[in-house]
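Below is one structure, written out as structure tokens; the observations come after it.
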Amino acid sequence: MEDRVKPYIRMVENALEQARGQLSSLNENDKKLVELAELYLQDSKYYLEKKDYATALATVSYAEGLLDSLNLTGKIKIEWKREKPRKVLVAGTFDLLHPGHIRFFEETSKLGDLYVIVARDVNSERTKKRPVVVPEASRVYMVGSVRFVKKAVLGDEQDILKRVLEIKPDVIILGPDQGVDEAWLKKELAERGLPGVEVLRLSKRFNDLRPSSSREIIETVKKLFCGD
């Protein structure tokens with residue numbers, strides 16, 4: 001949430017700077033609205049520093065509302081400069097969706113709008129050397145329904161980078177055991193017209209909630225219902 005509040009504050013700061021340059025055209029009551037917007041903005045920065053992101057978001061929205069009311073009534077002119085959210089991309093099979101997956105989506109979505117490429121059945125079976133439990137149409141539907149995910153799409157059966165080139169992410173996040181070389185990925189994307197993509201790799205899985213893997217679910221089901 002911090003990464004969402006900071007751009008919001010910067011946008012309102014820019015709008016406030018524009019409003020200050022037009023104070024001479026305002027009456028005393030309208031000047032007080034600009035002053036009040038500045039106080040709300042100061043409050044927002046204070047709560048941001050204290051990591052109280054919900055209150056920071058609320059107070060900066062009050063500042064935005066005051067400035068926008070002056071803008072909409074034609075008393076001042078503000079050009080709102082909204083920062084475009086970064087596109088964050090992750091990929092995987094996400095078979096037997098579990099808390100580890102949700103935590104993965106939750107944490108990576110803090111860096112921007114999260115896009116997820118869901119592996120096709122044939123590709124997953126080739127990599128994992130076993131059939132998938134949940135078919136691709138159901139997997140992409142479930143992943144796309146998670147509130148942290150902006151959009152989920154199925155991968156391409158032939159070209160693993162095709163969807164990446166279509167989405168044009170700013171950041172790609174790899175899992176700790178995902179079999180993709182970071183240097184190769186950056187080089188290949190640059191050669192195919194997508195330079196400058198940041199590639200990060202997680203150091204470990206999110207396993208603070210159980211179960212944290214599809215294998216763990218499968219083994220538990222076998223033990224409980226199959227006598228293994």
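The values are calculated or read from the model by the stated rules, or taken from the named source; none is laboratory data. Treat the numbers as computed from the prediction; the structure is a model and nothing was measured. Reconstructed Cβ throughout: ideal geometry from the backbone, glycine too, with neighbour counts over all protein chains shown. Each accessible area value is taken on the protein alone, full model and side chains, heavy atoms only, with ligands, DNA and RNA left out. Shrake-Rupley method; radii C 1.70, N 1.55, O 1.52, S 1.80 Å.
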Distance between the C-alpha centers of region 46-84 and region 162-195? Whole Å please.
35 Å
In degrees rounded to 10, the 0-90 angle between helix 28-49 Cα long axis and the longest Cα principal axis of the chain is 30 degrees
How many angstrom separate the Cα center of region 23-40 from the Cα center of region 1-20?
17 Å
If you average the sequence gap of Cα pairs under 8 Å that are 6 or more apart and divide by the length of the chain, what percent do you get for the contact order?
18 percent
Can you compute the modelled spin-label distance between Leu202 and Glu13, with each label point 7 Å from Cα toward Cβ, in nm?
3.1 nm
Hey, if we sort Thr108, Thr127 by accessible area with the 1.4 Å probe, largest down, what's the order?
Thr127, Thr108
Give the carbon-plus-sulfur fraction of the accessible surface of the chain in %, rounded to a whole number; probe 1.4 Å, heavy atoms of protein chains only.
52 percent
May I ask you to derive the relative contact order of region 1-73, considering only C-alpha pairs under 8 Å and at least 6 residues apart, and to give it as an integer percent?
39 percent
Can you sort Tyr46, Tyr53 by solvent-accessible area, 1.4 Å probe, largest first?
Tyr46, Tyr53
Cross-link candidates for Lys204: which lysines have Cα within less than 20 Å, leaving aside residues fewer than 8 places away along the same chain?
Lys110, Lys128
Under the rule of at least 5 residues apart or a separate chain, name every residue whose amide H is placed under 5 Å from the amide H of Leu174.
Leu200, Arg201, Leu202
If you count only protein heavy atoms and use a 1.4 Å probe, how large is the accessible surface of Arg20, to the nearest 10 Å²?
90 Å²
Which residues' amide hydrogens lie under 5 Å from the amide hydrogen of Val134, considering only partners 5 or more residues apart or on another chain, with H built in the peptide plane?
Leu96
Once you place label points 7 Å from the Cα toward the Cβ at Asp68 and Lys84, how far apart are they in nm?
2.2 nm
Over 22 Å (Cα to Cα) - which of Lys6/Lys187; Lys87/Lys162; Lys6/Lys150 fall in this group:
Lys6/Lys187
3J(HN,Hα) from dihedral phi, region 198-210, Karplus parametrisation 6.51/-1.76/1.60, rounded to Hz, x for glycine, proline:
7, 10, 10, 10, 5, 7, 7, 6, 8, 10, 6, 10, 10
Any idea of the accessible area per residue across the chain, 1.4 Å probe, to the nearest Å²?
59 Å²
Gyration tensor verdict on region 108-188 (Cα atoms; rounded if a/c is under 1.5, prolate if a/b is larger than b/c, oblate otherwise):
oblate
Straight-distance crosslink candidates among lysines, where the alpha carbon sits under 24 Å from Lys31 and sequence neighbours closer than 8 are dropped
Lys45, Lys75, Lys77, Lys81
³J(HN,Hα) across region 138-144 via Karplus (A = 6.51, B = -1.76, C = 1.60, θ = phi - 60°), whole Hz, x for Gly/Pro?
6, 5, 5, 5, 5, 4, x
Karplus 3J(HN,Hα) series, Hz, for region 121-127 with 6.51 cos²θ - 1.76 cosθ + 1.60 (x for Gly, Pro):
3, 5, 6, 5, 5, 5, 7
